[in-house]
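Peer 1: Below is the structure I would like to discuss, written out as structure tokens.
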Amino acid sequence: MYSASLPPPPPPRRDFISVTLSPGGGGTGPAAGGGGGGYNNSKAWRRRSCLRKWKQLSRLQRSVILFVFAFLAVCGVITYANMTEPWKSLTSRSSGEQRMDLEIPGLNPANQAVLPIPKQADPGFRDYSDISLQKPPKEPPVRRRPPNPQLRPPPRNSKVKPRENAAKAEEEPHQAVQEHKTEKSVISWRGVVIEPDQITESPSNKIKDLDKPSPVESEDQKEPVPLNERQMAVIEAFRHAWKGYKEFAWGHDELKPISKSFSEWFGLGLTLIDALDTMWILGLKEEFAEARKWVATELNFEKNVDVNLFESAIRILGGLLSTYHLSGDSLFLDKAKDIGSRLMPAFSTPSKIPFSDVNIGRGTAHPPRWTSDSTVAEVTSIQLEFRELSRLTGEEKFQKAVDGVMQHIHTLPGKNDGLVPMFINTNSGQFTHLGVYTLGARADSYYEYLLKQWIQGGKKENELLEDYVKGIEGVKMHLLRKSQPKRLTFVGELAHGRFSAKMDHLVCFLPGALALGAHNGLPSDHLDLAIELAETCRQMYAQVETGLSPEIVHFNMHAQKDRKDVEIKAADRHNLLRPEAVESFFYLYRFTGDKKYQDWGWEILQNFNKYTQVPTGGYTSINNVQNPSNPEPRDKMESFFLGETLKYLFLLFSDDVDLINLDKYVFNTEAHPLPIWRQRK
């Protein structure tokens, strides 16, 4: 019983495997192809073998293998792209000459692309010793090329922090209104159709990363155009004027070259600040370094002094902001923020129309002693400067204040087909002295700043453009006439329905503004009118004995024998070294290429040298442009002679359209270039 229950003994263990190979080397089974076919290393056999192995793997194993292969493929593509980009940039980049241009850290008077960007804004004294002016060629080359828009960004180490409360600011009503207006894609008024530039940024939008400049592409760094003989003559004139200022009026507002002394207006070195960016553009490194040292050590706004809001904004604030953008030196931005903040009490009025005068030391403001009115030009020609200060500092208060003025005036009654009166009351916020319309003193730059704010902000603020176009149409309807005998087109004045053939030299800004508008898409008849008015401004010089225009002219509107088109009254025959005519010649030369404008400017410079230059240094305004033997010097050199007149002459004589590119910069009314706002990528 017991033996019957035991399991059977295990089979004997075999220590070998028997394999039978056919003569053809094949085996049996599917791998052999059935029917005893042998392995012959064929591609079909290998494919079937790999497929068999693949199917024997689990689903997880197959997924892992597929993921690894996909990952390696992606890495390969990325590696290839990273390796080819540097190679492309190296092969496309021009050789040693271009690299030298990019490495120059300081002044470059003929580099229009806004002069090289400094690697770092040094808060201390900068070294300009490694920059030298180029010698003019015997025959200046003409290099005209299409405008190449470029914005010079502020340096990374700007001391002013971006706005911290931008998110809250976006919620304010005026922001929402302005953003709503930018949604319009087309502006149409009396046949004018403009499509705003879609690549630009609305000034009311939230500003981000202001301290992170966008890189300047190497293609924008172009070979400088050598200075020509006429530009060198402007540099010589500037140095002569600067010699008198340095010796007799250093650090003061204005030079009195005849008496070898100075006069004070605000006591803030107006001439020096007004001339800073002119020196930079002209490449006067030594003069600029000396002036920069004075700004750093001597310029102090903590003074118990009344200053004019308008004049301080366009000359001091505008000059400092422009010099900051050209040089990249944060010293000038710090000073700009200081004076801008000290001017803000002017806006503390019931109507938000600013007072004309501010005490920058006490922080108080008031209207002129004889009236509670401000001039329309003064309150509407500070916007470019304060808007740019907001953009740079991130402090919205500056732009909000000046935008409020424009929005208020946009809705005011009292206009005549877009023309505005000359005065506005700071208490009521209403126009006063109704019925008087002019493009001369007290109203001129209102029209100029409508256009330039629209350009500065990226062509999106439609109300500004509409008001500008309406104003120009009003000029055409009410103020344009023809003179006798040459039938010159001129801009007169309208007083309570009565036309006056009086035209200020200040009105000669208008041809330049019209040409700038046409360049930015306004109708071509604006350029046609600009060309006609520029000829008129030229005749205001050519028909005068000294070849210099008086402050005011009256045009002859009746054909009479032996009478010129231009008539001058005794009280109007002074010349203050004003820039408006050469300003317009500069714009028209840039946009038409007609060299007659350069020739006109050259004649004016020669007459300045002949009748207003003081041998011991400086230039003087004169009392009588009709007396070449005794023009009666007034013993005063206005700050705008260095800040505007000589700057525009230098730019007019240049054949380089990139020397302060007009698709990149917009000039304030004191000729200080400020950047056109671009959308950051």
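The values are calculated or read from the model by the stated rules, or taken from the named source; none is laboratory data. Predicted model, so just to flag it, every value in this text is computed and none were measured. All Cβ positions, glycine included, derive from the backbone under ideal geometry; neighbour counts span all protein chains shown. These area figures cover heavy atoms from the full protein model, side chains too; ligands, DNA and RNA do not enter into them. Shrake-Rupley method; radii C 1.70, N 1.55, O 1.52, S 1.80 Å.
Peer 1: Name, by its number, the condition in (1) open to solvent by 60 Å² or more (accessible area, probe 1.4 Å); (2) in contact with a Pro (Cβ under 8 Å, 6 or more places away or on another chain) that does not hold for Ser584.
Peer 2: (1)
Peer 1: Also: In the list Asp525, Asp562, Asp594, which residue meets the criterion of being part of a helix (DSSP H, G or I) and closer than 22 Å to Arg487 by Cβ?
Peer 2: Result: Asp525 is the single residue among Asp525, Asp562, Asp594 that is part of a helix (DSSP H, G or I) and closer than 22 Å to Arg487 by Cβ.
Peer 1: Out of (1) open to solvent by less than 10 Å² (accessible area, probe 1.4 Å); (2) on the phi < 0 side of the Ramachandran plot, what's the single condition that is false for Ile660?
Peer 2: (2)
Peer 1: Moving on to the next point. Can you tell me how many residues within the stretch 239-253 are surrounded by 18 or more Cβ atoms within 10 Å (Cβ to Cβ) and touching an Asp or Glu at 6+ places or on another chain (Cβ under 7 Å)?
Peer 2: Count: 3.
Peer 1: Only one of these conditions is not met by Ala518: (1) open to solvent by less than 50 Å² (accessible area, probe 1.4 Å); (2) closer than 20 Å to Gly601 by Cβ. Which number is it?
Peer 2: Failed condition: (2).
Peer 1: Turning to a different aspect of this structure: Please list, ordered by residue number, the helices (runs of 4 or more DSSP H) wholly in the stretch 364-421 having 2 or more residues that are among the hydroxyl-bearing types (Ser, Thr, Tyr).
Peer 2: Numbers: elements: 376-379, 383-393, 397-411.
The qualifying helices (runs of 4 or more DSSP H) are 383-393.
Peer 1: In the stretch 485-507, which residues are open to solvent by 40 Å² or more (accessible area, probe 1.4 Å) and part of a loop (DSSP other than H, G, I, E, B)?
Peer 2: Once the filter is applied, which keeps residues that are open to solvent by 40 Å² or more (accessible area, probe 1.4 Å) and part of a loop (DSSP other than H, G, I, E, B), the stretch 485-507 yields Pro485, Lys486, Arg487, His496, Gly497.
Peer 1: Still on this structure: Exactly one of these conditions fails for Lys335: (1) of a type outside the set (A, V, I, L, M, F, W, C); (2) in a helix (DSSP H, G or I); (3) closer than 23 Å to Phe423 by Cβ; (4) touching a Leu at 6+ places or on another chain (Cβ under 9 Å). Give me its number.
Peer 2: Of everything listed in (1) of a type outside the set (A, V, I, L, M, F, W, C); (2) in a helix (DSSP H, G or I); (3) closer than 23 Å to Phe423 by Cβ; (4) touching a Leu at 6+ places or on another chain (Cβ under 9 Å), Lys335 misses just condition (3).
Peer 1: Does Gly269 qualify as being in contact with a Pro (Cβ under 7 Å, 6 or more places away or on another chain) and either among the basic types (Lys, Arg) or open to solvent by less than 10 Å² (accessible area, probe 1.4 Å) (or both)?
Peer 2: Numbers: in contact with a Pro (Cβ under 7 Å, 6 or more places away or on another chain): no; either among the basic types (Lys, Arg) or open to solvent by less than 10 Å² (accessible area, probe 1.4 Å) (or both): yes.
Considered against the rule, which asks whether it is in contact with a Pro (Cβ under 7 Å, 6 or more places away or on another chain) and either among the basic types (Lys, Arg) or open to solvent by less than 10 Å² (accessible area, probe 1.4 Å) (or both), Gly269 comes out as no.
Peer 1: Taking the stated definitions as given, is Leu465 without any contact (Cβ under 8 Å) to a residue 40 or more places away in the chain and either open to solvent by 10 Å² or more (accessible area, probe 1.4 Å) or not in a loop (DSSP other than H, G, I, E, B) (or both)?
Peer 2: For Leu465, the condition - without any contact (Cβ under 8 Å) to a residue 40 or more places away in the chain and either open to solvent by 10 Å² or more (accessible area, probe 1.4 Å) or not in a loop (DSSP other than H, G, I, E, B) (or both) - is not met.
Peer 1: Looking for whichever is closer than 20 Å to Thr645 by Cβ, open to solvent by 10 Å² or more (accessible area, probe 1.4 Å) and β-branched (Val, Ile, Thr) here; the options are Ile552, Ile531. Which one fits?
Peer 2: Among Ile552, Ile531, only Ile552 is closer than 20 Å to Thr645 by Cβ, open to solvent by 10 Å² or more (accessible area, probe 1.4 Å) and β-branched (Val, Ile, Thr).
Peer 1: All but one of (1) surrounded by 15 or more Cβ atoms within 10 Å (Cβ to Cβ); (2) in contact with a helix residue (DSSP H, G or I) (Cβ under 9 Å, 6 or more places away or on another chain) hold for Lys596; which doesn't?
Peer 2: (1)
Quick grid of which residues meet (1) closer than 30 Å to Thr411 by Cβ; (2) open to solvent by 10 Å² or more (accessible area, probe 1.4 Å):
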{"position": "Asp274", "(1), (2)": "no, no"}
{"position": "Thr278", "(1), (2)": "no, no"}
{"position": "Ile281", "(1), (2)": "no, no"}
{"position": "Lys285", "(1), (2)": "no, yes"}
{"position": "Phe288", "(1), (2)": "no, no"}
{"position": "Lys293", "(1), (2)": "no, yes"}
{"position": "Asn308", "(1), (2)": "yes, yes"}
{"position": "Ser322", "(1), (2)": "no, no"}
{"position": "Asp338", "(1), (2)": "no, yes"}
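Peer 1: Any idea which of Arg391, Arg442, Arg387, Arg362 is open to solvent by 10 Å² or more (accessible area, probe 1.4 Å), among the charged types (D, E, K, R) and within 20 Å of the chain's Cα centre (by Cα)?
Peer 2: Arg391
Peer 1: OK, next. Considering only residues that are under 22 Å from Ala249 (Cα atoms) and open to solvent by 40 Å² or more (accessible area, probe 1.4 Å), which ones fall in the stretch 624-642?
Peer 2: Across the stretch 624-642, the qualifying residues are Glu632, Pro633, Arg634, Lys636.
Peer 1: Sticking with this one: Among the listed residues Gly440, Gly458, identify the single one that is over 18 Å from Glu551 (Cα atoms), of a type in the set (Gly, Ala, Ser), outside any strand (DSSP E or B) and touching an Asp or Glu at 6+ places or on another chain (Cβ under 9 Å).
Peer 2: The match here is Gly458.
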